[in-house]
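**Q** Okay, here's the structure, questions in a sec.
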Amino acid sequence: MSKIATLEVDGQKIELPVITGSENESAIDINKLRDLTGIITIDPGYKNSGSCKSEITFLDGELGILRYRGYSIEDLAEKASFLEVSYLLIFGELPTAQQLEQFETDIKKHTLVNEEMKNIIDGFPKTAHPMGVLSALTSALTAFNPKAVNVDNEKEMYEAICKTMGKFLVIATWTYRKSMGYPLNYYDNTKGYVENFMHLMFQLPTGPYKANPIIVDALDKLFILHADHEQNCSTSTVRMVGSSHAGLFASISAGVSALWGPLHGGANQAVLEMLEEINKDGGDTEKFLAKAKDKNDPFRLMGFGHRVYKNFDPRARIIKKAAKEVLETLGVEDPILEIAKKLEAAALEDEYFKSRNLYPNVDFYSGIIYRALGIPTDMFTVMFAIGRLPGWIAQWKEMRENKEPIGRPRQIYTGHPLREFKSNK
Ligand code: CMC
């Protein structure tokens with residue numbers, strides 16, 4: 001039997017339908033609220049508001065569950081490849097061997113980036129943050145691919161997806177090459193997608209380069225863990241921008257900017273910088289814990305807390321284990337890992353963190369692996385963006401296919417009432 005919510009405003013009672021998802025999450029559908037009562041709801045930060053129905057990712061923050069298209073993140077991280085997961089997220093089902101091969105082949109058709117894009121990247125100073133450059137370059141791709149994709153045309157949509165997957169990886173690595181003053185590299189179509197990331201980043205004209213398969217496997221897993229996370233800040237941005245029927249590249253460029261902030265994807269860089277600072281300061285984790293608890297101090301324990309998870313972020317568990325394995329396999333001894341473990345243990349025992357359900361999130365340990373793999377700190381959030389790309393594409397596609405209306409929230413105006421104009425000059 002379908003549920004109903006009853007609301008009483010100024011003596012007027014109205015009934016609102018309650019919708020239920022496939023995992024029994026419920027939502028009051030307020031679509032007709034303003035028409036019926038003249039009032040709206042307000043929910044800054046959307047803490048209680050769903051923006052859409054989605055079939056892509058399920059997450060239960062209380063139980064610490066994350067699934068893509070019904071498959072657990074643990075299974076996918078263990079058994080699937082990043083391109084396989086990308087296909088799953090975007091098209092809804094796991095690919096057959098033949099579909100996967102075709103997908104990879106089709107992405108390779110679009111891995112060449114227009115040479116004129118190099119003029120654009122040349123305009124940036126070497127010191128520019130890679131995320132700023134990535135956002136600008138992604139947006140610039142629109143200039144070289146001006147035709148807006150017709151989402152109702154399956155072939156066009158498929159080509160746009162392959163193009164985005166192919167070119168984004170290349171320009172993401174160009175942001176690093178630029179910052180180092182290295183010549184920009186080309187995708188090597190004889191190599192796999194994640195292996196190409198290493199090649200694009202680190203192969204120099206001065207000699208041969210062979211990516212370490214342990215590193216390629218670790219990165220593959222990290223990209224899977226970042227591939228989607230339902231309606232987070234950057235994904236909501238991608239859907240919102242796309243809801244005005246702006247193109248895929250423009251929407252993803254906006255998503256990159258949203259991801260950059262330290263409360264979102266930028267936290268992975270901030271975590272490592274924080275751990276380095278603690279290390280330099282002599283390793284006193286208690287001192288930094290106290291700072292994080294002090295309401296007069298703006299310092300927050302980066303990599304801790306999550307809007308949705310009130311339990312362990314399942315991705316953090318997998319990454320913590322992977323970080324230990326990668327460091328051991330590569331024979332890297334990093335004091336930063338010890339500080340991270342100490343900080344985590346202390347926070348998990350601390351009443352402030354316990355009472356607020358603040359647990360380590362995906363970003364807490366990812367930077368430690370990236371560092372061990374030789375990825376520079378200010379590229380960490382770019383790594384997140386590469387991983388998140390298939391999720392953004394899948395969510396953009398779903399939003400357009402569902403013919404969602406333009407995203408346009410309302411507000412409660414709290415400014416001046418009408419006042420007469422009198423010049424202050
Ligand atoms: N350190 C210290 N206190 C914290 C922290 C933290 N990392 N996170 C939350 N709190 C406190 C906060 O001060 C508040 O306390 P009180 O109730 O006394 O006012 C309470 O916990 C609830 O926090 P909130 O800011 O209302 O929660 P939110 O859902 O708005 O914010 C968050 C979630 C992720 C932005 C926040 O936990 C945070 O800033 N964490 C650090 C940054 C970080 O690691 N971000 C990565 C998130 S996961 C990956 C991603 O999304 O990209």
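The values are calculated or read from the model by the stated rules, or taken from the named source; none is laboratory data. Keep in mind it's a predicted model, so treat the numbers as computed, not measured. Virtual Cβ from ideal backbone geometry, glycine too; neighbours counted across all protein chains shown. Each accessible area value is taken on the protein alone, full model and side chains, heavy atoms only, with ligands, DNA and RNA left out. Shrake-Rupley method; radii C 1.70, N 1.55, O 1.52, S 1.80 Å.
**Q** Looking at the structure I just gave you, is Phe312 in a loop (DSSP other than H, G, I, E, B), in contact with a Gly (Cβ under 6 Å, 6 or more places away or on another chain) and under 19 Å from Phe353 (Cα atoms)? Let's see the steps before the verdict.
**A** Details: in a loop (DSSP other than H, G, I, E, B): yes; in contact with a Gly (Cβ under 6 Å, 6 or more places away or on another chain): yes; under 19 Å from Phe353 (Cα atoms): yes.
Here the answer is yes, as Phe312 does meet what is asked.
**Q** Looking at the stretch 323-425, what helices (runs of 4 or more DSSP H) fall wholly within it and have at least 1 residues that are in contact with a Ser or Thr (Cβ under 8 Å, 6 or more places away or on another chain) and open to solvent by less than 20 Å² (accessible area, probe 1.4 Å)?
**A** Helices (runs of 4 or more DSSP H) meeting the threshold: 335-349, 362-372, 380-401.
**Q** For the stretch 113-144, give me each residue that is open to solvent by less than 60 Å² (accessible area, probe 1.4 Å), out of contact with any helix residue (DSSP H, G or I) (no Cβ under 6 Å at 6 or more places or on another chain) and assigned to a helix (DSSP H, G or I).
**A** Met117, Lys118, Gly132, Ala136
**Q** For the stretch 150-190, which residues satisfy the criterion of being crowded, with 21+ Cβ neighbours inside 10 Å, of a type in the set (S, T, N, Q) and without any contact (Cβ under 8 Å) to a residue 60 or more places away in the chain?
**A** Result: Thr173, single match.
**Q** Could you check the stretch 21-33 and list, in sequence order, the residues that are open to solvent by less than 100 Å² (accessible area, probe 1.4 Å) and more than 24 Å from Pro409 (Cβ to Cβ)?
**A** Result: Glu23, single match.
**Q** Just one of Lys324, Lys342, Lys403 is of a type in the set (Lys, Arg), at pLDDT 95 or above and more than 9 Å from the ligand (Cβ to nearest atom); which is it?
**A** On the way: Lys324 fails: at pLDDT 95 or above; Lys342 fails: at pLDDT 95 or above.
Result of the check over Lys324, Lys342, Lys403: Lys403.
**Q** When Phe197 is evaluated against the numbered criteria (1) touching a Leu at 6+ places or on another chain (Cβ under 7 Å); (2) within 16 Å of the ligand (Cβ to nearest atom), which criterion, by number, is the only one it fails?
**A** Only one criterion is unmet by Phe197, namely (2).
**Q** Filter the stretch 307-319 for residues that are open to solvent by 50 Å² or more (accessible area, probe 1.4 Å) and near the ligand (Cβ under 10 Å from one of its atoms); which is farthest from Gly64 (Cα to Cα)?
**A** That would be Arg307.
**Q** Sticking with this structure for a sec: Which condition breaks for Lys191 when tested against (1) in a loop (DSSP other than H, G, I, E, B); (2) within 13 Å of the ligand (Cβ to nearest atom); (3) of a type in the set (D, E, K, R)?
**A** (2)
**Q** Something else now. Go through the stretch 281-298 and give me each residue that's within 26 Å of Ala372 (Cα to Cα), touching a helix residue (DSSP H, G or I) at 6+ places or on another chain (Cβ under 7 Å) and either buried (at least 18 other Cβ atoms within 10 Å of the Cβ) or not acidic (Asp, Glu) (or both).
**A** Hits for the stretch 281-298 are Gly283, Thr285, Phe288, Leu289.
**Q** Which one of Lys109, Lys191 is under 28 Å from Gln269 (Cβ atoms), of a type in the set (Lys, Arg) and more than 23 Å from the chain's Cα centre (by Cα)?
**A** Lys191
**Q** Out of Ile386, Ile393, Ile412, Ile406, which single residue is under 30 Å from Lys295 (Cα atoms) and either out of contact with any Cys (no Cβ under 6 Å at 6 or more places or on another chain) or of a type in the set (A, V, I, L, M) (or both)?
**A** That would be Ile412, the only listed residue that is under 30 Å from Lys295 (Cα atoms) and either out of contact with any Cys (no Cβ under 6 Å at 6 or more places or on another chain) or of a type in the set (A, V, I, L, M) (or both).
**Q** Follow-up. Working carefully through the options Leu66, Leu83, Leu76, Leu88, find the one that is surrounded by 15 or more Cβ atoms within 10 Å (Cβ to Cβ) and without any contact (Cβ under 8 Å) to a residue 60 or more places away in the chain. Let's see the steps before the verdict.
**A** Values: Leu66 fails: without any contact (Cβ under 8 Å) to a residue 60 or more places away in the chain; Leu83 fails: without any contact (Cβ under 8 Å) to a residue 60 or more places away in the chain; Leu76 fails: without any contact (Cβ under 8 Å) to a residue 60 or more places away in the chain.
Only one candidate passes the filter, namely Leu88.
**Q** Is it the case that Arg388 is more than 15 Å from the chain's Cα centre (by Cα) and within 19 Å of Met131 (Cβ to Cβ)?
**A** Numbers: more than 15 Å from the chain's Cα centre (by Cα): no; within 19 Å of Met131 (Cβ to Cβ): yes.
No; evaluated as a whole, the condition is false for this residue.
**Q** Further question: Which numbered condition trips up Lys53, out of (1) open to solvent by 60 Å² or more (accessible area, probe 1.4 Å); (2) within 16 Å of the ligand (Cβ to nearest atom)?
**A** (2)
**Q** State all residues of the stretch 345-361 that are more than 20 Å from Gly266 (Cβ to Cβ), in contact (Cβ under 8 Å) with a residue 24 or more places away in the chain and more than 9 Å from the ligand (Cβ to nearest atom); if no residue qualifies, say none.
**A** Ala346, Asp350
**Q** So, one more: Return the total of residues in the stretch 220-238 being within 16 Å of the ligand (Cβ to nearest atom) and either of a type outside the set (Ser, Thr, Tyr) or in contact with a strand residue (DSSP E or B) (Cβ under 8 Å, 6 or more places away or on another chain) (or both). Explain how you work it out, then say what you get.
**A** Residues of the stretch 220-238 within 16 Å of the ligand (Cβ to nearest atom): 222-238.
Adding the requirement that they be either of a type outside the set (Ser, Thr, Tyr) or in contact with a strand residue (DSSP E or B) (Cβ under 8 Å, 6 or more places away or on another chain) (or both) leaves 222-233, 238.
Adding up the residues that qualify gives 13.
**Q** Restricted to the stretch 254-280, and to residues that are open to solvent by 10 Å² or more (accessible area, probe 1.4 Å) and polar (S, T, N, Q), which residue is farthest from the ligand (Cβ to nearest atom)?
**A** Checking each candidate, the answer is Asn279.
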